[in-house]
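> Please see the structure below; I have some questions.
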Amino acid sequence: MLCYSTNDPQGKTYPILEAIQLGLAPDGGLFMPVNIPKVKPEWLENLPDRDLPGLAFDISRLYFPELPVSTLESICADAFNFPAPLVTLNPEIKILELFHGPTLAFKDFGARFMARILGYSNAKQDLPLHILVATSGDTGGAVADGFFQVPGIEVTVLFPKGKISPLQQKQITTLGKNIRAVALEGTFDDCQAMVKKALVDPVMTRKYRMSSANSINLSRLIPQSFYYFEAYRQLDPGTKPVFVVPSGNFGNLVAGILAQRMGLPVAHFIAATNRNDIVPSYLKDGVFRPKPSVETLSNAMDVGNPSNFRRLESLFGSTWNNMRQMISGYAYTDTQTLEAIDRIHRDYNYLLDPHGAVGLLAAEEYQLDVHHHKPLIVLETAHPAKFLAAYETLNIQVEIPERLANKAQAEDLSVILPNDYTQFIEWFSESHPV
Ligand SMILES: *Cc1c(COP(=O)(O)O)cnc(C)c1O
């Protein structure tokens, strides 16, 4: 499987394992597969007999033919050891629950798969691979958990001290073993600058093999296409769903389009955003206008310049009209989001998280705009327990899943470091002697 860079579609190609190791193409573009593999119609017909790890294995074989079959099989069984159930909300709308993984958000799918693929491709190396990652909250937890105890990989997560939620912090800092956590006395941007500097610092690169676990990595996108198939598998045979995708950087939506190009029957996609409505407004008038992000309740979607937009353009040949025929966009405020959480809770006794609530609003508006389509599948990207503050104003009690509650009790193993590159490097060298 070969990949190209979105900055130079006709240019140099890279074997997929190299693309994954690099993360970003050397010319700054994002990697995409040259040929999106197709699933066979018979395979789709027999899909109800598979399960999530099984269909993940079947699809990953098409992307990673260079990996031994038994390795891929155990990677998929290990990475996707939790369900993605499709729940019926009403006769038209279903919810695909993507929060049953260890860190309660869909990012577990990408992070767990990426960690195991990197673990495999680095197993023959003498030196460990050091993954450095800066986080403003959610990604750090998924990456830390995904890479936990993967042989040959050492992870360092930097987060801004006191600026992430206590539970998010515990998800990063309590694992230990090959996961080290640094509470940096600075902002998220300081964390990111520190990581970027270390990754290209000759003193460091001479001593350590290093990489990042950025969300634009292709090995995080590919596994996100698996749950679109898993949703389809749970539908009545022959139905063609519309998928509603709460979006920020648009990796999730790109994964859905990939699934469709692989052969999954999909009628339409809906991009749902909060007030950071760059893509919905592009779909309206064809002009892509990045702007500084604004803070909202659905903060994992607070993105002002969605990085995967270039992948969308590349999939639709840069033509606005092509994209518009397959994707509709809707955007909502926090007030509307809270209203939807409250109303759905009262009407159906179902508790949406703020991201899923944005998706639900988009599903309802699409139903009114377009004649009633059946079924619409809303991707529920996180568990409500990750966003407790939103529910306090609504007077709704949120049940905290055991795996999150347990984290609250565990010991915080992070080190506190000043925002000073030299001290960071000293700490890193001391904790990773060569
Ligand atoms: C990351 C995230 C999103 C946004 O996903 P993208 O792939 O960046 O569009 C939505 N909801 C939750 C809960 C997330 O963590």
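> Please give the helices (runs of 4 or more DSSP H) falling wholly within the stretch 40-132 in which 2 or more residues are among the β-branched types (V, I, T) and more than 16 Å from the ligand (Cβ to nearest atom). Don't jump to the end; show me each part of the working.
On the way: elements: 41-45, 52-63, 69-79, 107-121.
In the stretch 40-132, 69-79 are the helices (runs of 4 or more DSSP H) which contain 2 or more residues that are among the β-branched types (V, I, T) and more than 16 Å from the ligand (Cβ to nearest atom).
> Same structure, new question: Tell me, yes or no, whether the stretch 186-197 has at least one residue that is outside any loop (DSSP other than H, G, I, E, B), surrounded by 22 or more Cβ atoms within 10 Å (Cβ to Cβ) and without any contact (Cβ under 8 Å) to a residue 40 or more places away in the chain.
No, every residue in the stretch 186-197 fails to be outside any loop (DSSP other than H, G, I, E, B), surrounded by 22 or more Cβ atoms within 10 Å (Cβ to Cβ) and without any contact (Cβ under 8 Å) to a residue 40 or more places away in the chain.
> When both residues are 6+ apart or on different chains and their Cβ atoms are under 9 Å apart, which pairs have a first residue that lies in the stretch 16-42 and is closer than 19 Å to Y120 by Cβ, and a second that is among the β-branched types (V, I, T) and in a loop (DSSP other than H, G, I, E, B)?
Listed by first residue and then by second, the contacts come to G23/I216; F31/T6; F31/I216.
> For the stretch 404-426, what are the residues that are of a type in the set (A, V, I, L, M, F, W, C) and over 11 Å from M194 (Cβ atoms)?
Hits for the stretch 404-426 are L404, A405, A408, A410, L413, V415, I416.
> Of the conditions (1) at pLDDT 95 or above; (2) in contact with a Lys or Arg (Cβ under 7 Å, 6 or more places away or on another chain), I179 fails just one. Which one is it?
The number of the failed condition is (2).
> Exactly one of these conditions fails for G263: (1) within 16 Å of the ligand (Cβ to nearest atom); (2) surrounded by fewer than 18 Cβ atoms within 10 Å (Cβ to Cβ); (3) among the small types (G, A, S). Give me its number.
Only one criterion is unmet by G263, namely (1).
> Moving on. Collect the residues in the stretch 333-343 that are closer than 26 Å to V279 by Cα and either more than 13 Å from the ligand (Cβ to nearest atom) or in contact with a strand residue (DSSP E or B) (Cβ under 7 Å, 6 or more places away or on another chain) (or both), keeping them in residue-number order.
Across the stretch 333-343, the qualifying residues are T333, D334, T335, Q336, L338, E339, A340, I341.
> Collect the residues in the stretch 229-255 that are more than 10 Å from the ligand (Cβ to nearest atom), among the small types (G, A, S) and crowded, with 22+ Cβ neighbours inside 10 Å, keeping them in residue-number order.
Correct list: A231 only.
> Okay, next question. Which condition from (1) modelled with pLDDT of 95 or more; (2) within 23 Å of the chain's Cα centre (by Cα); (3) farther than 25 Å from V244 by Cβ; (4) assigned to a helix (DSSP H, G or I) is the one that I20 breaks?
Here I20 meets the rest and fails (1).
> Residues of the stretch 299-332 being part of a loop (DSSP other than H, G, I, E, B), within 14 Å of the ligand (Cβ to nearest atom) and closer than 19 Å to G251 by Cβ, which ones?
Selection gives D302, V303, G304, N305, P306, S307, N308.
> Criterion first (surrounded by fewer than 12 Cβ atoms within 10 Å (Cβ to Cβ) and more than 24 Å from A142 (Cβ to Cβ)) does D347 satisfy it?
yes
> May I pose another question? Specify the residue that is surrounded by the fewest Cβ atoms within 10 Å (Cβ to Cβ); the eligible residues are those in the stretch 266-292 that are within 30 Å of L47 (Cα to Cα) and among the β-branched types (V, I, T).
V266
> Return the total of residues in the stretch 311-339 being under 24 Å from the mean Cα position of the chain (by Cα) and either surrounded by 15 or more Cβ atoms within 10 Å (Cβ to Cβ) or touching a residue at least 24 places away in the same chain (Cβ under 8 Å) (or both).
Residues in the stretch 311-339 being under 24 Å from the mean Cα position of the chain (by Cα) and either surrounded by 15 or more Cβ atoms within 10 Å (Cβ to Cβ) or touching a residue at least 24 places away in the same chain (Cβ under 8 Å) (or both): 19 in total.
> Exactly one condition in (1) more than 15 Å from the ligand (Cβ to nearest atom); (2) modelled with pLDDT of 95 or more is not met by H372; state its number.
(2)
> A further question on this structure: Kindly indicate whether T296 is away from the ligand (no atom under 15 Å from the Cβ), more than 21 Å from I425 (Cβ to Cβ), outside any helix (DSSP H, G or I) and β-branched (V, I, T). Show your work before the answer.
Values: away from the ligand (no atom under 15 Å from the Cβ): no; more than 21 Å from I425 (Cβ to Cβ): yes; outside any helix (DSSP H, G or I): yes; β-branched (V, I, T): yes.
For T296, the condition - away from the ligand (no atom under 15 Å from the Cβ), more than 21 Å from I425 (Cβ to Cβ), outside any helix (DSSP H, G or I) and β-branched (V, I, T) - is not met.
> Return yes when T393 is among the hydroxyl-bearing types (S, T, Y) and within 22 Å of the chain's Cα centre (by Cα) and no when it is not.
Answer is no for this residue.
> Pick out, from the stretch 214-293, the helices (runs of 4 or more DSSP H) lying fully within it that include 2 or more residues that are farther than 23 Å from T319 by Cβ.
218-233
> Out of the residues in the stretch 399-434 that are part of a loop (DSSP other than H, G, I, E, B) and β-branched (V, I, T), which is modelled with the highest pLDDT? Write out each step before concluding.
Quick first cut of the stretch 399-434, residues part of a loop (DSSP other than H, G, I, E, B) only: 399-401, 410-414, 419-420, 432-434.
From the residues that got through so far, the ones that are β-branched (V, I, T) too are 400, 434.
Numbers: I400: 91, V434: 83.
The residue in question is I400.
> I'd like to check something: does the stretch 391-398 contain any residue that is hydroxyl-bearing (S, T, Y), in contact with a helix residue (DSSP H, G or I) (Cβ under 7 Å, 6 or more places away or on another chain), assigned to a helix (DSSP H, G or I) and surrounded by fewer than 22 Cβ atoms within 10 Å (Cβ to Cβ)?
Yes - at least one qualifying residue is present in the stretch 391-398.
The values are calculated or read from the model by the stated rules, or taken from the named source; none is laboratory data. Everything quoted here is computed from the prediction, not taken from an experiment. Reconstructed Cβ throughout: ideal geometry from the backbone, glycine too, with neighbour counts over all protein chains shown.
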